[in-house]
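Everything below concerns the one structure shown next.
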Amino acid sequence: MSSKTNHHHHHINGHDSIPPPCPHLADFCSRNGTKPFHLLQNCLRIKPPHGRASIRRDPSEIPRCGACGVSSVPRIYACVTCATISCHAPPEPSHAAAHAASMAPGHEISVDVDRAELFCCACRDYVYDRDFDAAVVLSSKANNIHSNVNSDNLRKKRRIVEYRPWLPDIHERVLVNNNSSVLNFVEDRPWGLRGLNNLGNTCFMNSVLQALLHTPPLRNYFLSDRHNRYYCQQKKSGNENGVVGGKRSNGGDGHGGKGLRLCLACDMDAMFSAVFSGNPVPYSPAKFLYSWWQHAANLASYEQQDAHEFFISMLDGIHEKVEKDRHKTHGLGHGDCCIAHRVFSGILRSDVMCTACGFTSTKYDPCVDISLDLEPYLGSSAKSMSLKTHSCNGEVDCTNSSQNGGISTLIGCLDRFTRPERLGSDQKFFCQQCQVRQESLKQMSIRKLPLVSCFHIKRFEHSSIRKMSRKVDRYLQFPFSLDMAPYLSSSILRSRFGNRIFPFDGDEADASNEMSSEFELFAVVTHTGKLDSGHYVTYLRLSNQWYKCDDSWITQVNENIVRAAQGYMMFYVQKMLYYKAGEKQVAQ
């Protein structure tokens, strides 16, 4: 394939720009319009499940070159004008190019019979046409795919947010200078880095709170007084005429008096005020712990709890309280919700495909994190790989599948999460096209990325077969920079249908989508010890330097210490929102 074709493919997949138009294709379309492309729909064949499109007049047809009679060369093309079959196998002479040269103008455009992609025999390169690509994709979806959402969603685009750095004008500079106070830094620590006292087996809470306190969009929300605890409590008590912008005290309880309803968001507001006050003395989040106990009564004890369970419960508590106060419900993952879900909520897409006919049922579900299985420990045989590929999902016997050895990677876990998985014979789904229960393939993808992606690693296994639970202490490699583009629904659908100029699910043709798929790691929650007894610690990345938050103890560490840690929860923020504030700028 020529370098020009590779360049085209790079642009298509990267959404950089549309490939330059081919003069022969433009001439062909001006002469014939789109009718020849729509006629090809009758010859379109899709091999289930989710196979790529091919062109065949008869499903059993074996195309052969009309000049040499071979069918096994790299590429076989059919002339769109006269349907002549020709081969093209560089560096050998091209019969497709010879056919175009020997005919009158208009025979330069052909179609790859095995990939259903347009090819210019004169340019000897792949070319792209929106009408043709739309005809291929839409016809294949109409024949084999059913979705529980309207097809218009294919063309919906996410709201484009243009990022521009803030540059204060003269008036704003005066306001900042007249209304600012100097913060007292302790031991050259970044602003807001403060230890949290352990209140009795509460390291699970402290580790998650440290990550949330330094989540950029969440931090900016509370420090800009978007949730004022005094106004919130005044509103709840029915006194709308109280002080709205009261002076914020450092470490106030945020409840404003006895008898008022508890609010986790108010306690978060009080905690942000205390932690970012400059006070170096470790803070005790007792008020927040009490409020959380009221929300999650089943977890109210001084026993060690799971950090991931606390994270989900806490976000749910903030969401539930805020939504009750608003007296209206918002759908998760759509940006119009409480701050917890505006920051962490994304949308997952689930495709279940019939292996017999290719019929696909699609569902969308909101999520605030993604739980990932560790890659199976393969040992030394390929046989073990085939036997253990889908182990450790739910309650299965995982004792032999995930030994305390081997290395997993976060990239490998994400690949496994979005890989098509064959469902068992006991999980057959009713195919609306076959009208019977059929075996199927299930594939997950990410429809919408959140501002902050939280990845939870399933280190605690529960086996109903052996009636036991255990912790997996295997090492996990995780990158400091992560590109989520390969796991987006648009990327997975594009690989399913081939290179097309077509707006797939969640697809955008602008650079903002490409920016939003790049993430930076800023917090890692780790767990050491056994299943029933262990300790949680958080590593924070502030001013491009790593700090270990072990309850009330804060120490600066090398990044190699972080890489060697046993990651349990990883927090990534979109790169456009990540600031290396302490990184010195060197003038060139």
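Using amide H atoms built in the peptide plane, which far-off residues or other-chain residues are under 5 Å from Gly195 H to H?
Sorted by chain and number, the residues that satisfy this are Tyr283.
Just to confirm, what accessible area per residue do you get for the range 82-121 at 1.4 Å probe, in whole Å²?
Values: 1460 Å² over 40 residues.
I get 36 Å² per residue for the range 82-121.
Full-extension gain between Tyr475 and Ile170, please, as 0.36 nm times their residue separation minus the C-alpha to C-alpha distance.
Going from the current span to full extension adds 104.5 nm.
Per 0.36 nm of contour for each residue apart, how much would the distance between Val436 and Asp316 grow if the chain were fully extended, relative to their Cα-Cα spacing?
Extra length available between Val436 and Asp316 comes to 39.3 nm.
What figure in square angstrom, to the nearest 10, would you give for the accessible area of Arg75 with a 1.4 Å probe?
Per-residue accessible area (Arg75): approximately 60 Å².
Quick one: if the Förster radius is 56 Å, what FRET efficiency do Arg130 and Ser552 give, using the C-beta to C-beta distance and rounding to 0.05?
For Arg130 and Ser552, the calculated efficiency is 0.40.
Could you work out how far apart the two model spin labels at Asn298 and Phe429 are, taking each label as a point 7 Å from the Cα in the direction of the beta carbon, and quote it in nm?
Output for this residue pair reads 2.7 nm.
Per-residue HN-Hα couplings for the range 547-561, Karplus 6.51 cos²θ - 1.76 cosθ + 1.60 at θ = phi - 60°, whole Hz, x for Gly and Pro?
So the J values, rounded to whole Hz, are 10, 9, 10, 10, 6, 7, 9, 10, 9, 7, 10, 7, 5, 5, 5.
The values are calculated or read from the model by the stated rules, or taken from the named source; none is laboratory data. This is a predicted model, so every value here is computed, not measured. Because the Cβ atoms are built from the backbone with ideal geometry, glycine has one as well, and the counts that use them run over all protein chains shown. Areas reflect the complete protein model, heavy atoms only, side chains present, ligands, DNA and RNA absent. Shrake-Rupley method; radii C 1.70, N 1.55, O 1.52, S 1.80 Å.
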